[in-house]
Structures are given as structure tokens and as C-alpha cells.
1. Take residue B:295, project a point 7 Å from its Cα along the Cβ direction, then tell me which residues of segment A:34-72 have their backbone nitrogen under 18 Å from it.
2. Using only Cα atoms, tell me the angle between helix A:160-180 and the longest principal axis of chain A; keep it within 0 to 90° and round to the nearest 10.
3. Give the nm distances, rounded to one decimal, from residue A:293 to the matching residue in every other copy, measuring between label points 7 Å along Cα toward the beta carbon; shortest first.
4. With unit charges on the beta carbon (Lys/Arg positive, Asp/Glu negative), name the residue among A:98, A:126, B:345 whose Cα is farthest towards the positive pole of the charge dipole of the protein assembly as shown.
5. To the nearest 20 debye, what charge dipole does chain B have about its Cα centre, counting +1 at the Cβ of each Lys and Arg and -1 at the Cβ of each Asp and Glu?
6. If you stretched the chain out fully between residue A:364 and residue A:206, how much longer would it get, using 0.36 nm times the residue separation minus the C-alpha to C-alpha distance?
7. Mind running the shape call on segment B:24-107? Use the C-alpha gyration tensor, a ≥ b ≥ c as the square roots of the eigenvalues: rounded below 1.5 for a/c, prolate if a/b tops b/c, oblate otherwise.
8. Roughly how many debye, to the nearest 20, is the charge dipole of segment B:125-168 about its Cα centre, given +1 on each Lys and Arg Cβ, -1 on each Asp and Glu Cβ, and no other charges?
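Taken together, the values in this text are just the output of simple stated rules run on the coordinates, not laboratory data. All values reported here derive from a predicted model rather than from experimental measurement. Virtual Cβ from ideal backbone geometry, glycine too; neighbours counted across all protein chains shown.
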Protein chains: 2
Amino acid sequence: MSDARGFGFEVLATDGGSSARRGQLTTPHGVVQTPAFMPVGTVGAMKGVTPAQLTDTGAEIMLCNTYHLALRPKPEVVVALGGLHKFIGWDRPILTDSGGFQVFSLAKINKIDEDGVDFRSHIDGSLIRLSPEIATDIQNKLGADIIMAFDQCPPLPCEPAELAAAVERTVAWAKRCKEAHGREDQALFGIVQGGTDLAMRRMCAERIIEVGFDGYAVGGLSVGESHEEMVEVLDGLCPHLPADRPRYLMGVGMPRDLYEGVRAGIDMFDCVIPTRNGRHGQVFTATGAMKLRNEKHRLDGRPLEEACDCYTCRTYSRAYLRHLFMAGEMLGPMLASIHNLRFLQRLMGRMRDLINAGELATIASEFPVVLGTNGNNDT
Amino acid sequence: MSDARGFGFEVLATDGGSSARRGQLTTPHGVVQTPAFMPVGTVGAMKGVTPAQLTDTGAEIMLCNTYHLALRPKPEVVVALGGLHKFIGWDRPILTDSGGFQVFSLAKINKIDEDGVDFRSHIDGSLIRLSPEIATDIQNKLGADIIMAFDQCPPLPCEPAELAAAVERTVAWAKRCKEAHGREDQALFGIVQGGTDLAMRRMCAERIIEVGFDGYAVGGLSVGESHEEMVEVLDGLCPHLPADRPRYLMGVGMPRDLYEGVRAGIDMFDCVIPTRNGRHGQVFTATGAMKLRNEKHRLDGRPLEEACDCYTCRTYSRAYLRHLFMAGEMLGPMLASIHNLRFLQRLMGRMRDLINAGELATIASEFPVVLGTNGNNDT
């Protein structure tokens, strides 16, 4: 079900004992089953994974970073090569973030005022400007299916006055993004800031909803607060977000955070963690994280997970993967990333099935890692 | 057509104007069309390429290095995990070299005598010994379809006395390898040394043939001599190798060397060059090498080669590949390696077809690079 522009969102089922929803997001480049995990191809490439391999992991949508693409190769190159989908060889849905998060975490900020931000590129130190209009224009040029409003994302903990100022700016910038947005075939999502202050979050949400967007993102979490604080914000905020629009929790990808997000009613997630951890020889399993360099895997002929259907688990032993990491072979990061990406897709798929059956909480018996400390404990 | 052990070699066709032969090599893990290029998975892994992707490039046999596997993960690990094919996830033919070349090029040699070589591992400096018996035992344990005699490979140029001593040792060691060889399901190839001294080469060949092997390799080339010297050795030596056994030119993979080898009657080749060059952003094309970081590719929407059917060329523009290398993305080396591997397989496949038609020389009009200076000139 989609509108004249090619977009749509339907809630197909809701859970019995939680606020979780099972939905379907339609975009001009295809349909995404929700709750969905979106892998991140920062500069328009998954690190160590081809689009064909990414498709095999079950990913239906990919995220790319406007900040990184704006610095390199620059939007005009992507435009000249036929837009982001064609340039990066991924003809399924793409979401681009606005650059707000990266500007406030990676860049050396030169000047920030009501109009926008001047910062120095982390690549070559050149002076660059992003504003609501510029970030929207770049995203219009890149051509993703879903684009994000340019927001101010403060690190946590944050002084109340600073937080309030970031919220004011985020609301003002959201309006300007909506006005600047020039493509009918791209959905525009607003972002709710407000740190761990629930009243601030609700006030921000109310004003962002008043501007009116195709979907609503929860930004500024997973930036320094505790897991419990994050869960509290999600539980307190989600009921105040429109039920008929997709809800997106930005930058979250650890199993227990995904579970708590889904439970609270979030529909979309993104994170670099599956490929980043994979590159460092750490893989997800249903019972916790596994460090591949560990001596105990030296003669272990078992796959990473018996239950996993990924290329890595179908082909290789833990002993071989350990060997690759000990020898510093590129294939190690590639195979570990494939497993981690598939792991999160299997987890999301199983959560979708369990919401359909009205029993999401069952996921904890199948994937005990969702109750653990972010899957970081070695097994 | 194979013997009771599962091996066989047939010459199916010969060229009109050269000594080239079109053949078929049968092994317990499958058939290899010759002339064949064997990609190298040094430690039991292609750098940046999965076995599934390697299969897609058309590779029918893969080479692994005994020296590297002996140091890490060590043969007993491979044995415990069910042998090399299972360990590395490649169920097609494998050839292992004997470690001779690596010992004399990579390792810090401690002592060399008639019995063998003591050397220090380039990884951790530990003292290790290789001899004909040990190298053969390790290869028996690894379990490749084809294993190689342990030889002494002198760098070129080389003093006549030193060359003669290396030849004597290579012949004596070849006999001991044959005696030590303990597996019926592995073919054993002898290696001919002798540098660029044709009389020495022929004398060595005669004595190695007298020992009797399943195939004959030309070692000690592509180690410092000129292209012309290499061609001269091949033309002068090949007629003295048995016509009914496969001939293998070790360590050669540049397009013009492959062509000259095929023309002289060589059936098998191996080299790390397609993945090594790929990792460094240099790709083969029919007209010469291309450097992907070059500014001129910035807005170039064409694939690396219009005629290429590899995953990279079917999916990506030169501009995107340049972007990946400029951004230092892993996907760049992966995609460039896939193209280079497929390029050499397409070149070999086309040479096989042209031998069938009796007109190998035509290859120069389709792949002018075979007449160039090793494909290193940028286009």
C-alpha cells in the first residue's frame, strides 16, 4: 500500500504483551518488513561486504551517511554517475542521514549559529558548511528513498540549558528542512531530540509532529547514556509518536537494545556494529559475543552457530576463522561481518514472526543475548 | 580419463603455429581445463575473495603455500579439521607448493646442507626445519590433489657453481621426495631448476624425468631474469619435457608471460599478482593496466572493461571504484581482485579456445596486453 509518491507504512500486527508492531514500509525501490535493521554503508559501501552478499544476509534497506558522502566523493560525483542507488550498485531502498550526528561527533566545529554549522573536514581539514537547506539539498541530490532532517545532536550527559537549545534548534531546522525538501520521490523523516529528559523529549516530539513528517526518528540516544535510561526514554516517548508512521531509533544495533526498541514500538534501526565488530574478530551468537582470536577455537570444527544459515556458518569452522584472524587475512573480517549482518537479520526476522504470533517476549528464550549486557560477554 | 588413483592428463588439441597444447587434467577433486591459471590462497585463503566468488571467476584449481601453512596454523590443525579442502571451504582441486621457493626468498636461513634447511620463521623468529621428507610429510598431511617436490630455488643472476649445486641438490631431493611420498590420492610433480643456463636446465630435466613424476614444473624463473631470458628457457626446455605429462611454470601470472608460456607448451601457471595488484588499486585490461586512483576516472561511468562479465564490471563504474580506493574502503581491493582474477581466467579461456582452433597467435589482437610490457603501463 503506497501513496502517489510511492510511499506507505502499514502496521500489520501488534504484540500481545508489549507495544511492539509488525509493519511494512513501502518505498520507490521496494518494500521493507519492519521492525527492520538497516546496515550502514558509510561512504556508499558496506565495509568488506558486496551488495550481493548483503542481499544474501536478508537486508532490505541500507543506510548511507550524508556527511561522509558530502566530503568524498561529493554529491556532484554521485549525481553525475546516476544517483546513489546506481553509483553504489544497490537497487533496493536506501536511507541517508542528514549529517547532523557526524558533524557533532566527528568534525572539528568552527562556528555554530541559528543558520547552520561551519566545520572542518576530518579528511583534509577543509572548511565546510551544513545547514538545514544544504543538508536537504545534498540528500535530494544523492537520491535516497528516505532522507532525514538536519538536527543538532548533543552528547550525553548534557546541561539542561544546552539540551533545550539543541531541541529549539532541531525544531527550527526541521521546519526549514521540510520547506527546502524538493523531491516528491523521497520521504522526509523528522528527528526528536531531548536527551534523557522525558518532558523535553515529549515537547520536542509534539512540535516535530506539528511540522509533519513521513516518519519520526529518535535521535540523540546511544550517545553516552545507560541502557536503562535509553529504555526509559523509549517507553515514555513512543506512545507520543504517531501510530501510523514509522518510528526509527538511530544508531542502535546491539541485540538487547534492538529488543527493547522493538518492545517499545520502534520500527527501524541502524548501526555500524555488525561490520565494525566483525572486522575486529568479534561475532554475535544467540548466547553472547564470541572473540575469534581466542585460543580455545584453535581446533574447534563447529560453525560459529549451528542454527545460522549464513555463508560463513555454512562453509567454515571456528578454527578456520581463528586462523584467518591470527594470520591477518582480509577474508576473516569479511566472513565475520557476513555472519554478524545475518545474525541481526535473523534476530529481527524472528522478532517479526513472534509479534505476528503475539508473543515477542519468547525471543529471550531463543536469543538469550537480548537479555545480556549488550552481547559483549565472550562465550 | 584418469588412472586408478584418480589422476589423468590428456592433450586434447595442439596449436597450428606454436607448441601450445589444449589439455585436461583430472584429479580426485575434479577436472581442470588447461592451459590453466591457478590463483594463490597463500595461507589457505584468497586475499579478499571468498571461495564462492573465486568459483564465479572461473578458477578450477587453487594453490596454497606449504611454507605459510606449516608456520600457521600448522599441519596438525589442518589434519584435525579434516584436511585442507574442508578447512578452507574449497572442494575443487588444490595444489600445494613444497615451501622451497619461500624458504629461499622469505625466511632467514640458518643452515643449509644436503639433508635440508634450517630457517627462522618470518612470523615469530622460531627455528624451523624443512627437508624433502618433512616437506612431503606436511603436504601429505595437508592433502592437496597435487603436491610438489622440495627444491632449491636460487635467485637470479646466480654464479654457475652455485647454480650447479642447487641443481644437484634439487635432483637429490626430488628422489627423496618421491620415496617419502605416502599418499596414493596425491599426484607428485618434480621441479626443474637451472636458472637461465639452458644446458643446465636440460640436464636437470633429464635427471628429474629419470626419477619419474606425475607432472613437471619449471621452477626458478620469474625471479630476477628478463622476460626474454625466460622465454628463451621455456622455448629451449619444453621440448625436453614429456609430452604426456602436465607442465607447470611456477610463479608466473603477467599476461605476456602467460601467453609466452602457453605458446611454449606450458599447461599450468600460478601467481599472486591478480590479488596483489587488485589490493593496490591496479587492474588488468585487455589493452594494459589501469590505476584506479587516477583522477581521470573521477566521473567515468564506464565499467573497467565493457567486455568483462565479472561481478565488478557488471555492477560498478570506474568512478565508484576510484571512490572506494580514495576512501580506503575494503570493498575496493575486493572488487579489483575479483576483476583481475576473472580477467586472467578470461584470457586463459580464450587462449584455450584459440588453441582448439589452431590459431593461438590471434590472442594478441583480442588482448593486446600480451604483447605489452607485462601490462604495467597505465591506460
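1. Under cut-off, by backbone N: A:72.
2. The angle comes out near 80 degrees.
3. Its label point is 2.7 nm from the equivalent points in the other copies.
4. Looking along the dipole axis, the top candidate is A:126.
5. 1220 debye
6. Contour length minus the Cα-Cα distance gives 53.5 nm.
7. Cα axes put segment B:24-107 in the prolate bin.
8. That gives a dipole near 200 debye.
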